[in-house]
């Protein structure tokens, strides 16, 4: 179905971009994205994906909104205190764009439930804050052949990357951040976080998510690092580990679909 006159007006600034145009906006309208985490990173991601016109958005989070969240989790406000984060975020997204179909998943995703949801979407955005969740989401994306946009932020530093199992050269999250060894992932509740930092990283995640869903090749093979204290952004190449236990046996997916 073609875009309506109202949609042409609403998304006109996207349609002016040659890389998106009407076709890309229609792809966004027909897309399904799963965002895991409706906190600091998830806040800008969810609001931008809704405002960009992504047709179907699923938000998963089992936490409730607390006063300490409001320093950085801008999708919520004081009226949301005590409400489930997924439902609070959904209310905000519906206010931004009532044309988006929002699915509230107020639970911690794991196992078959996680794998089933990942397989039912075109893209996953990981806005969680712990290694076990990230590794589980990554494994589900590798199995289903679904692109994953990862982000993390703590103190004054953040990072973002896209892992696309449709691309034979793309690493997965485990290739870059193995779960072996003594790595510790401490949340911002223990270490603190600069409030706008999550907006910067979440914004970068939203950029890559919109690109991918609109048919623009995502920035795979690159880890973006932001040091807010020094005001410095740098990128480093990341490569697929041929011995990675998560993705070494993966089957080739629809490489043509990322062009």
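The values are calculated or read from the model by the stated rules, or taken from the named source; none is laboratory data. What you are looking at is a predicted structure, and each value in this text was computed from that prediction instead of being measured. Cβ coordinates were reconstructed from backbone atoms using ideal geometry, including for glycine residues, and neighbour counts include every protein chain displayed.
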Quiz item: Using beta carbons and a limit of 6 Å, which pairs, at least six apart or on different chains, have the first residue in region 195-217 and more than 26 Å from residue 29 (Cβ to Cβ) and the second one part of a helix (DSSP H, G or I)?
Solution: 195/71
Quiz item: Do we have any residue at all in region 181-190 that's surrounded by fewer than 19 Cβ atoms within 10 Å (Cβ to Cβ), modelled with pLDDT of 95 or more, in contact with a strand residue (DSSP E or B) (Cβ under 8 Å, 6 or more places away or on another chain) and not in a strand (DSSP E or B)?
Solution: no
Practice problem: Exactly one condition in (1) in contact with a helix residue (DSSP H, G or I) (Cβ under 6 Å, 6 or more places away or on another chain); (2) assigned to a helix (DSSP H, G or I); (3) within 18 Å of residue 11 (Cβ to Cβ) is not met by residue 89; state its number. | Solution: (3)
Quiz item: Quick one: would you say residue 202 is over 22 Å from residue 249 (Cα atoms), under 12 Å from the mean Cα position of the chain (by Cα) and part of a strand (DSSP E or B)?
Solution: no
Self-check item: helices (runs of 4 or more DSSP H) lying entirely in region 1-62 (those with 3 or more residues that are surrounded by 14 or more Cβ atoms within 10 Å (Cβ to Cβ) and modelled with pLDDT of 95 or more)
Solution: 21-29, 42-52
Practice problem: Say whether the condition of being over 18 Å from the mean Cα position of the chain (by Cα), surrounded by fewer than 17 Cβ atoms within 10 Å (Cβ to Cβ) and at positive phi is met by at least one residue in region 146-156. | Solution: yes
